[in-house]
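Participant: One structure, pasted below without further comment.
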Amino acid sequence: MARIVMKFGGTSVADIGRIRNVARHVKREVDAGHEVAVVVSAMAGKTNELVGWVREASRAEGSNLNIYDAREYDAVVASGEQVTSGLLALVLQSVGVDARSWQGWQVPVRTDNAHGAARIQEIDGAELIRRFGIGQVAVVSGFQGIGPDNRIATLGRGGSDTSAVAIAAAVKADRCDIYTDVDGVYTTDPRIEPKARRLPKISFEEMLEMASLGAKVLQVRSVELAMVHKVRTFVRSSFDDPDAPGMGDLLNPPGTLICDEDEIVEQQVVTGIAYAKDEAQISLRRVADRPGVAGGIFGPLAEANINVDMIVQNISEDGKSTDMTFTVPSGDVDKALAVLDRVKQTVGFDVIQHDEGMSKVSVIGIGMRSHAGVAATAFNALAEKSINIRAITTSEIKISILIDGPYTELAVRTLHSVYGLDKQ
Ligand code: ASP
Ligand code: MG
């Protein structure tokens, strides 16, 4: 017998028919004698609709300002998950599975006070565990918890992945299965490179990089949590036939296991290629070369909640001034330029240049730690395709390269093939 947390995303619970299919997956595990908690998202498109209503309701007539009370935003958008948890509990009961729905406040899932982007602080798993003991399935609403102000708080878009991993950690589950509309984690996006392969296993660290650098399978925070609490997390498809052979296999079900690197026997140098479109590059010229400038620039950007990514600074030739280039999401350019304009005089720099429509392509693999020449291979391969590199950043296990947006697909395919990731 094992204890399993099963999470189903929006497309998997998009209508009652699909919820019935989800119930078959759940029933399979229950019939095999496992203890099961299920975490659900809102039906596909529901959260967007609710967010739209919040915006509309909070706008004064005639205005197009998007300012709203975050506590009421949470009260509204958390309702999508409440609906699906109740519906799944009903469907499970209709097929003879003892099930009960749980809202975040009932578990309780305690969060901090950052309404709209709250972080989970503590989950009391005792009552869920007691219910396991009487053979009951807990169907928990993802994406939500209760804040210190005693109000519903939501975890940020995509947050039900994080709910699932956090609950798995709290009840000490053997595995957390994330059922989604793809059948695992691939070496790169199969829509761009049809030769992409599904990975049987990927380490927590690599998955964290993949998710942060553009792969959209899992919310980044959920991978962080899985890594810290060592929750073996499994990405698999909810559209597979729930009763096909091997689906209930405890050790090797179809999908991708995210686990500790020690569990991965056959280490590849490079595991995957990720990409993020819509990056913008901002360059500051003649930046004064003295202590405090970087803080003077990036401090105010951070205060304005602008996510700065790659930062490249050169060593000045004359000891007086240098250049500084960095990237931000395209949507944040205007806000960033306004902040920079404000600090320009005090910090001391000259022109601000910016370019939108960039992409960041990243090569990821823990094998890089012990192999030389991995970066050079990427640079040469891109050069051969005449793709110009604008900026480069690296860490122990990744290389990120900034290029012009229209070359994204070509760059992804080129790198995928040069590291031998193509399907045979
Ligand atoms: N329903 C929420 C969203 O759409 C949470 C989730 O699906 O993970 O962002
Ligand atoms: Mg999701």
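Participant: Can you list which of the trypsin sites (Lys or Arg not before Pro) found in the stretch 220-312 are DSSP loop residues with at most 12 other C-beta atoms within 10 Å?
Facilitator: 230
Participant: For the stretch 310-340 and the stretch 101-129, what is the separation of their Cα centres, given in Å?
Facilitator: Measuring centre to centre over Cα atoms gives 40 Å.
Participant: Once the dipole of the stretch 1-140 is set up with Lys and Arg at +1 and Asp and Glu at -1 on Cβ about the Cα centre, which of 41, 22, 78 lies farthest towards its positive end?
Facilitator: Towards the positive end, the residue furthest out is 22.
Participant: So, counting K/R as plus one and D/E as minus one, what does the shell of residues with Cβ under 9 Å around residue 2 add up to?
Facilitator: -1
Participant: So, one more: Going by average Cβ density within 10 Å per residue, which order do the peptides 289-302, 411-424 take, highest to lowest?
Facilitator: Result, highest mean Cβ count within 10 Å first: 411-424, 289-302.
Participant: Could you give the length gained by full extension between residue 93 and residue 195, i.e. 0.36 nm per residue of separation minus their alpha carbon distance, to one decimal place?
Facilitator: Residue separation times 0.36 nm, minus the Cα-Cα distance, leaves 32.5 nm.
Participant: As a check on your grasp of the helix formula, calculate [θ] at 222 nm for the chain: sum -39500 (n - 2.57) over DSSP H runs of n ≥ 4, divide by the residue count, round to the nearest 500.
Facilitator: Value at 222 nm, helices only: -10000 deg cm²/dmol.
Participant: May I pose another question? How high is the FRET efficiency between residue 56 and residue 150 when r is their beta carbon distance and R₀ equals 25 Å, given to the nearest 0.05?
Facilitator: The formula returns an efficiency of 0.40 here.
Participant: Please give me the summed charge of the neighbours of residue 267: other residues whose Cβ is under 12 Å from its Cβ, Lys and Arg +1, Asp and Glu -1.
Facilitator: -3
Participant: Compute and list, largest first, the equivalent-ellipsoid semi-axes of the stretch 144-227 from the alpha carbon gyration tensor, each √(5λ) rounded to a whole angstrom.
Facilitator: Those come to 27, 14, 11 Å.
Participant: Measuring from centroid to centroid over Cα atoms, what is the spacing of the stretch 202-281 and the stretch 390-424 in Å?
Facilitator: Answer, in whole Å: 19.
Participant: May I ask which residue of 314, 338, 218 lies farthest towards the positive end of the charge dipole of the stretch 216-348, with charges of +1 (Lys, Arg) and -1 (Asp, Glu) on Cβ and the Cα centre as origin?
Facilitator: Result: 338, furthest along the dipole toward the positive end.
Participant: I'd like the trypsin sites (Lys or Arg not before Pro) in the stretch 122-212 restricted to DSSP loop residues with at most 11 other Cβ atoms within 10 Å, sorted by number.
Facilitator: 172, 191
Participant: Quick one: what does P(r) look like for the stretch 250-353 with 10 Å bins over all Cα pairs, in whole %?
Facilitator: Per 10 Å bin, starting at zero, the Cα-Cα P(r) for the stretch 250-353 comes out as 12, 36, 18, 15, 14, 4, 0 percent.
Participant: Counting pairs of alpha carbon atoms under 8 Å apart in space and at least six apart in sequence, what relative contact order in percent does the stretch 286-335 give?
Facilitator: Value for the stretch 286-335: 40 percent.
Participant: Tally up the carbon and sulfur contribution to the accessible surface of the stretch 41-166 as a whole percent, 1.4 Å probe, everything protein left in place.
Facilitator: On the stretch 41-166, the fraction of accessible area on carbon and sulfur atoms equals 49 percent.
Participant: Next question, about the same structure. Pairs of alpha-carbon atoms within less than 8 angstrom and 6+ residues apart define the contacts here; what relative contact order does the chain have, in percent?
Facilitator: Normalised by residue count, the contact order of the chain is 14 percent.
Participant: At R0 = 51 Å, how high is the FRET efficiency between residue 313 and residue 174 if r is their beta carbon distance? Nearest 0.05 is fine.
Facilitator: 0.60
Participant: Could you check what % of the DSSP bridge pairs in the chain are antiparallel, to the nearest 5?
Facilitator: Within the chain, antiparallel bridges account for around 60 percent of the total.
Participant: Per q in 0.26, 0.30 1/Å, what log10 I(q)/I(0) does a Debye calculation on the alpha-carbon atoms of the stretch 244-284 return?
Facilitator: -1.03, -1.13
Participant: Which shape class applies to the stretch 1-149: rounded if a/c is under 1.5, otherwise prolate when a/b exceeds b/c and oblate if not, where a ≥ b ≥ c are the square roots of the Cα gyration tensor eigenvalues?
Facilitator: It is oblate, given that a/c is not under 1.5 and a/b is not larger than b/c.
Participant: Can you find, among 296, 267, 280, the residue sitting farthest towards the positive end of the charge dipole of the stretch 267-308, where Lys and Arg contribute +1 and Asp and Glu -1 at Cβ?
Facilitator: Going by the Cα projections, it comes out as 296.
Participant: Under the classification rounded if a/c is under 1.5, otherwise prolate if a/b is larger than b/c and oblate if not, where does the chain fall, given a ≥ b ≥ c as square roots of the Cα gyration tensor eigenvalues?
Facilitator: In terms of gyration-tensor shape, oblate.
Participant: Let me ask something additional. Relative to the Cα centre, what is the charge dipole magnitude of the chain, using +1 at the beta carbon of each Lys and Arg, -1 at the beta carbon of each Asp and Glu, and rounding to the nearest 20 debye?
Facilitator: Roughly 400 debye, rounded to the nearest 20.
Participant: What does the highest-first list of 70-78, 46-54, 357-365, 264-272 look like by mean Cβ count within 10 Å?
Facilitator: 357-365, 70-78, 264-272, 46-54
Participant: Can you tell me the relative contact order of the stretch 184-237? Whole percent, Cα pairs under 8 Å, sequence separation 6 or more.
Facilitator: This gives 31 percent for the stretch 184-237.
Participant: Can you work out the accessible area per residue across the chain, with the rest of the protein chains kept in place, probe 1.4 Å, in square angstrom?
Facilitator: Accessible area per residue, the chain: 46 Å².
Participant: Here's something else I'd like to know. Beyond 15 Å, what percent of the Cα pairs of the stretch 334-416 remain?
Facilitator: When all Cα pairs of the stretch 334-416 are counted, 63 percent exceed 15 Å.
The values are calculated or read from the model by the stated rules, or taken from the named source; none is laboratory data. None of these values were measured; they are calculated from a predicted model. No Cβ is skipped: glycine too gets one built from the backbone with ideal geometry, and neighbour counts run over all protein chains shown. The protein model used for the area step is the full one, side chains on, heavy atoms only, and it has no ligands, DNA or RNA in it. Shrake-Rupley method; radii C 1.70, N 1.55, O 1.52, S 1.80 Å.
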